[in-house]
């Protein structure tokens, strides 16, 4: 014999049993999302000059904007994962050393020391030299990876990386 209480809750129980797998699928989709899906920064790639001469130098620019209330660590931040731009090697390119802007020295309330950070949009300048083997009219695609760790006032997120590409026209 089924009690009135069981009759009352059986539709709710059936709905709950249906909803549980849906909730688990949604939760696992968020947990299994690739790390690069949550960037905490936006990137804008450009070149100081969109056209380069054969055998010439071009400066690639990368504007990095941390999210709201987010910072990333700058070069010189000891014991932290520093922001780095790494260009993929190519036989027809000579890659120079990236130039990072002067960071802010932010006082860390827990460590009581000033740490170099970027909290606003900053620009990395990456010089590259084109080989004389690169002929006009040709487009050269340069790819790289920005490595960084983003933090906010409450936590630091896992280290992340973002791919970036530039296309340089050769005249």
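Points to keep in mind about this one:
- Failed item, numbered, when residue 136 is tested on (1) assigned to a strand (DSSP E or B); (2) within 21 Å of residue 50 (Cα to Cα): (1)
- Flag if residue 47 is at negative phi, touching a strand residue (DSSP E or B) at 6+ places or on another chain (Cβ under 6 Å) and at pLDDT below 95: yes
- On inspection, residue 145 does not qualify as surrounded by 15 or more Cβ atoms within 10 Å (Cβ to Cβ) and part of a strand (DSSP E or B).
- Lone qualifier among 118, 157 - being within 14 Å of residue 82 (Cβ to Cβ), touching a residue at least 12 places away in the same chain (Cβ under 8 Å) and touching a strand residue (DSSP E or B) at 6+ places or on another chain (Cβ under 8 Å): 118
- For the range 58-69, residues that are under 16 Å from the mean Cα position of the chain (by Cα) and crowded, with 17+ Cβ neighbours inside 10 Å total 3.
- Options 170, 164; residue that is under 28 Å from residue 70 (Cα atoms) and touching a residue at least 24 places away in the same chain (Cβ under 8 Å): 164
- For the range 129-142, the criterion of being assigned by TED's automatic domain parsing to the domain that holds residue 39, closer than 22 Å to residue 40 by Cα and either under 19 Å from the mean Cα position of the chain (by Cα) or modelled with pLDDT of 95 or more (or both) is met by none of the residues.
- Verdict on residue 111 being in the same structural domain as residue 55 (by TED's automatic domain parsing) and closer than 30 Å to residue 171 by Cβ: no
The values are calculated or read from the model by the stated rules, or taken from the named source; none is laboratory data. For clarity, every value in this text was computed on a predicted model and none was experimentally measured. Glycine also receives a Cβ, built like all others from the backbone with ideal geometry; neighbour counts cover every protein chain displayed.
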